[in-house]
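Worksheet: one structure, shown below.
We did not get these values from a lab; they are worked out from the coordinates using the rules stated. Values in this document were obtained by computation on a predicted structure and should not be read as measured data. In this analysis, Cβ positions are derived from the backbone assuming ideal geometry, glycine residues included, and neighbour counts consider all displayed protein chains.
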Amino acid sequence: MADRKNVQTTGSGAPVGDNQNSLTAGTRGPTLIQDVHLLEKLAHFNRERIPERVVHAKGGGAHGVFEVTNDEISKYTKADFLSEKGKETPMFIRFSTVAGESGSADTVRDPRGFAVKFYTEEGNYDLVGNNTPIFFIRDAIKFPDFIHTQKRDPQTHLKDPDMAFDFWSLSPESLHQITYLHGDRGIPATWRHMNGYGSHTFKWINDQGEAFWVKYHFVSDQGVKNLDEPTANQMAGENPDYHTEDLFNAIEEGDYPSWTLYVQIMPYEDALAYKWDPFDVTKIWSKEDYPRVEVGRMTLNKNPENYFAEVEQAAFSPGHFVPGIEASPDKMLQGRLFSYSDAHRYRVGANHEQIPVNKPVSGTNNYQRDGFMRTDDNGGGSKNYEPNSYGGPTEDAAAEISPFDVEGKVASTPYPDDDHYTQAGDLYRMMSEDEKQRLVDAFVGHMKPVRKEEIIKRQLEIFYKADPDYGRRIAEGLGYKVPQEEA
Ligand code: HDE
């Protein structure tokens, strides 16, 4: 028998005699069902695909390290991985587009996922953001509808601009994000040349139990570079995996990309007095009001060994908090706290957190048992209930979330503020003339195929409310007048 080290085996470890020829009765006889190697190989092949992510299906990832660069941060959070300057935490990131399927092009006009998993000594902390500081909607209940308009028409199975602009023009809270998306940053040159944001407001708690609101900003140390739409469209055809390839090659060549992490910090009491609802993820906090404070640096320095094992099976959840970091009442964040782990249980399985890329370096110690693909000792002979008299793991009061007051009626409540125009208009007005022209051209190009005139008119009215020039220029490009100025 050849040296076993390099002998091909079946899934059950038995050596394979012949991997070129099926077992047949005679030279031309039928294939025998007892060719268990053939049966296993074909059957496993049929089961190689797991459900792709329902959004963010196309992406790439890398391992790296996060280093704290500011000793002051521990004043605001007791999170251990942020406790002192120089502290390093291994991390894994996955970049992605939103709407495309797993084989779609990287260089489309679309937000980019920016999902970071910090393997801290207090458990995994997942910061599952995008390359935009805001989002299209601000209540989780609208998310499935919104995504349906970004995917394919139920009849034609084609992308349909009527659906996208119908939804956006009937959900004016999307104006800020679609202005951002149709601006230059809507098509990053590479994943290395874009910023990342937590987007939502989160809550930090320090050792004294004081609470602060924070927003995360990962600022690319490579700078921000974008692709213009014609170049991006050409790249989508020539090399649909351009961003994936760029990141892999950069790390392979030792050109490690890094981002400097900052937070904006809002005192707890400011929240309800601030001019904008700090829990409305369609709005930003101005950096004049809440300047960015440096936290640390994230450097990507290792490519995955295996894409499926590490990137496709990666399971990020905004619900993976560590002590000192908690949720805010942002309704989008609240909905995400359910959705991600639910998606992982469906896509990767009940025990997805036992898969190496998802496994906390700090270990787990609980009473969860059984379920598909249980690959650890399943708690061995220890009791699987608590409280118990057998020394099983008990809760740690220090890990309880910080109590906070709530008030008001239980009701399906809209946000109190419907000013979707000021911040979008500010974004338009801060653009250079060239940037404005590219923005207008992008919208004109994307709205020209819209068939329903009422959709176009409704959307033009919304642009105009943000800034009359914004509305007029797009209307002109489409051969319309803005409704507000129709004779
Ligand atoms: Fe996601 N999102 N999302 N999303 N999202 C998912 O979870 C969801 C939102 C983001 O690389 C899904 O594992 C809801 C905002 C990223 O694995 C799903 C809502 C932001 C990724 C899901 C949002 C994001 C996802 C699909 C509205 C930026 C990829 C597969 C409340 C702040 C993570 C999965 C990765 C993936 C739900 C909105 C970012 C379906 C319900 C806002 C980066 O659970």
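What value, in deg cm²/dmol to 500, does the helix sum -39500 (n - 2.57) over DSSP H runs of n ≥ 4 give at 222 nm once divided by the residues of the chain?
Helix-only estimate at 222 nm: -7500 deg cm²/dmol.
Quick one: Karplus J couplings for segment 296-301, per residue in order, coefficients 6.51, -1.76, 1.60, θ = phi - 60°, nearest Hz, x for Gly and Pro?
x, 10, 10, 10, 8, 9
Could you tally the net charge around D106, taking each other residue with its Cβ under 12 Å from the Cβ of D106, Lys/Arg +1 and Asp/Glu -1?
-2
Excluding residues fewer than 8 places away in the same chain, name every one of the aspartates and glutamates whose C-alpha is closer than 14 Å to that of K465.
E173, D418, D419, D426, E485
Assign one of three labels to the chain, namely rounded, prolate or oblate, based on the Cα gyration tensor with a ≥ b ≥ c the square roots of its eigenvalues; rounded applies when a/c is under 1.5, prolate when it is not and a/b is larger than b/c, and oblate otherwise.
In terms of gyration-tensor shape, oblate.
Once a ≥ b ≥ c are taken as the square roots of the eigenvalues of the Cα gyration tensor of segment 1-157, is the result rounded (a/c under 1.5), prolate (a/b larger than b/c) or oblate (a/b not larger than b/c)?
Cα axes put segment 1-157 in the oblate bin.
Between W276 and I147, what is the label-point separation in nm under the 7 Å Cα-to-beta-carbon projection?
2.6 nm
Once a ≥ b ≥ c are taken as the square roots of the eigenvalues of the Cα gyration tensor of segment 162-244, is the result rounded (a/c under 1.5), prolate (a/b larger than b/c) or oblate (a/b not larger than b/c)?
oblate
All other residues with a Cβ under 10 Å from the Cβ of K85 taken together, and with Lys, Arg as +1 and Asp, Glu as -1, what is their net charge?
Spelling it out: positives minus negatives among the neighbours equals -3.
If r is the Cβ-Cβ distance from D426 to S12 and R0 is 60 Å, what FRET efficiency results, to the nearest 0.05?
Here the calculated transfer efficiency is 0.40.
What would the Debye formula give as log10 I(q)/I(0) at q = 0.08, 0.12, 0.20 Å⁻¹ for the alpha-carbon point model of segment 338-487, no solvent?
Debye intensities relative to I(0), on a log10 scale: -0.58, -0.77, -1.22.
Could you work out how far the C-alpha centroid of segment 224-254 sits from that of segment 37-72, in angstrom?
Segment 224-254 and segment 37-72 have Cα centres spaced 20 Å from each other.
Tell me the net charge near G477. Cut-off is 10 Å between Cβ atoms, G477 excluded, with +1 for each Lys or Arg and -1 for each Asp or Glu.
+1
Just tell me which aspartates and glutamates come within less than 14 Å, Cα to Cα, of K359; anything on the same chain fewer than 8 places away is out.
By straight Cα distance, K359 reaches E121, E122, D126, E310, D376.
Quick one: putting +1 on the C-beta of Lys and Arg, -1 on the C-beta of Asp and Glu, what dipole do you get for the chain around its Cα centre, in Debye to the nearest 20?
1180 debye
Mind checking the full-extension length gain between S362 and T231? Use 0.36 nm per residue of separation minus the Cα-Cα distance, one decimal, nm.
Net length gain for the segment: 42.7 nm.
What full-extension length gain, to one decimal in nm, is calculated for E294 and I401 as 0.36 nm per residue of separation minus the Cα-Cα distance?
That pair, E294 and I401, stretches by 36.0 nm at full extension.
Looking at segment 381-467, which GluC sites (Glu not before Pro) are in a loop (DSSP not H, G, I, E or B) and have at most 10 other Cβ atoms within 10 Å?
E395, E400, E407
Mind checking which lysines have their C-alpha under 24 Å from K215, skipping anything on the same chain fewer than 8 residues away?
Qualifying lysines at Cα under 24 Å: K75, K78, K85, K87, K117, K142, K203, K225, K275, K283, K287, K331.
I'd like the chymotrypsin sites (Phe, Trp or Tyr not before Pro) in segment 310-354 restricted to DSSP loop residues with at most 10 other Cβ atoms within 10 Å, sorted by number.
Listed in order of number, the matching sites amount to none.
Could you state the number of Å between the C-alpha centres of segment 419-454 and segment 455-487?
10 Å
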